[in-house]
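Engineer: Below you'll find the structure I mean.
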Amino acid sequence: MRLNQLKGFTGSFLLFVAVLLQGCASNSYVVLLENPNGHTGAVQVKGEQGEQLINIAGYGAALDGSEVPAPVDADQIQEDFGEAMAARPKIPKHYLLYFQVDTMLTEASEMLLPEIIAEAKKWPAVDISVVGHTDTLGSAAINEELALVRANLVAEWLKQKGLEYHALTVESHGERNLLVMTPDETLEPRNRRVEISIR
């Protein structure tokens, strides 16, 4: 059986390939699954019999490129890919916490802290990343320090509220990675944030 090419991956999605060992490439197929976050993507299958583009979740195509993508029954997907789907790693979870001014979280962001801790408890040997950011008001050097202060405060608040983790990293991006692009010396509430990643 000749190995076929898969190319053109776009977006965030889950792709599984079933190689049904019956000596024929047409018994092997690719299926595009919906990402738990609801994102879609696409994959191009190029084989000896042609090329096919799969861009709808739940659709599959033969690895040899001979068949137009078609819906694959959920029971068939479970039968062919159930073990692989059960073994796949969890998709990292991300949170944004926003600040009113300096080091005061917004009320909505404060309310997210218990949710973040509850989510972290679902992960075995969880790694947490806490990254501080600022808007462009003030000098880059001061913003680098302020972002680190924010990140350290959030990490401490989470630990005080019972966060357990395998590894915790805290860093500052200052004003270097703006969520909303602005000129220098611009107040922008969405840039005054701490990003938390759970993986």
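Engineer: Over the range 93-198, calculate the relative contact order: mean separation of alpha carbon pairs under 8 Å at least 6 apart, over the residue count, as a percent.
Structural biologist: On the way: 213 pairs, mean separation 45.4, N = 106.
Across the range 93-198, relative contact order equals 43 percent.
Engineer: Could you tell me the center-to-center distance, by alpha carbons, between the range 66-109 and the range 115-137 in angstrom?
Structural biologist: Cα centres, the range 66-109 to the range 115-137: 16 Å.
Engineer: How large is the dipole of the range 29-171 about the Cα centre if only Lys and Arg carry +1 and Asp and Glu carry -1, each at its Cβ, rounded to the nearest 20 debye?
Structural biologist: 420 debye
Engineer: Going by amide H atoms built from the backbone, whose H comes under 5 Å of the H on residue 42, apart from near neighbours?
Structural biologist: The list, which skips near neighbours in sequence, is 10.
We did not get these values from a lab; they are worked out from the coordinates using the rules stated. Since we're looking at a predicted model, the values are computed, not measured. No Cβ is skipped: glycine too gets one built from the backbone with ideal geometry, and neighbour counts run over all protein chains shown.
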